[in-house]
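Derivation of every value follows stated rules applied to the coordinates shown; laboratory data play no part. Quick caveat, the model's predicted, so the values are computed rather than measured. Cβ atoms come from the backbone with ideal geometry, glycine included; neighbour counts cover every protein chain shown.
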Amino acid sequence: MTKEELIKKYPLVFGNKVERTPYALFGIECGDGWLWLLDKLASYINDILGEKICYIEERDVEKKFYVLQVKEKFGELRFYWQLEGNCPKTFEQISNAVSFAEYLSNFICEECGSINAETRDINGYLMTLCDNCYNIRLLVEDENGN
Ligand SMILES: [Zn+2]
């Protein structure tokens, strides 16, 4: 799956943009290895927004979800978002799911998506990689003279 395919798959999640936010300007800014994790997260958020999973008292409230930024920081996924509409329970549910996905990203290779990954220090820059992708990255760093 590509980033473009992921964005098209979940219009409720990825379709709305706030002008001049990193997401509006640059789209999804992390390695492709995390796309399957983002796919599962977006699927869950989509079900909440699409009312498959919904609190009865919030069923008729109009909700609009915005992604503000998706990136990597200190080897971990960062997923910034906002929700329009007065839906405290929905907000909490999405918050919890996003936090858990960010936590899981610490164990998923950002390059290839393998779950045998850990956060590595590469010349002071933290990245979550599997052994294989880590070794490739070290070779590339060497060739660049670092
Ligand atoms: Zn890998």
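Couple of notes before you dig in:
- Estimated inter-spin distance, ARG20 and SER95, nm [label 7 Å along Cα→Cβ]: 2.8
- Overall form of the range 21-69 per C-alpha gyration tensor (a/c, 1.5; a/b vs b/c): oblate
- Rounded if a/c under 1.5, otherwise prolate or oblate - the range 3-143, Cα gyration tensor axes: prolate
- The range 1-126: antiparallel DSSP beta bridges as a percent of all, rounded to 5: 85
- Here the range 79-146 and the range 24-77 have alpha carbon centers that stand 15 Å from each other.
- In nm, spacing of pseudo-spin labels at GLU143 and GLU118 (7 Å Cα→C-beta vector): 2.7
- Using θ = phi - 60° and Karplus 6.51 cos²θ - 1.76 cosθ + 1.60, couplings along the range 112-123 (whole Hz; Gly, Pro as x): 10, x, 4, 8, 9, 10, 8, 7, 10, 9, 10, 6
- By the count of neighbouring beta-carbon atoms within 10 Å, fewest first, GLU29, GLU4 end up ordered GLU4, GLU29.
- Listed residue (CYS30, MET127, TYR55) projecting farthest to the positive dipole end of the chain, Cβ model: TYR55
- Net lengthening on full extension, LYS73/GLU4 (0.36 nm per residue, minus Cα-Cα): 22.7 nm
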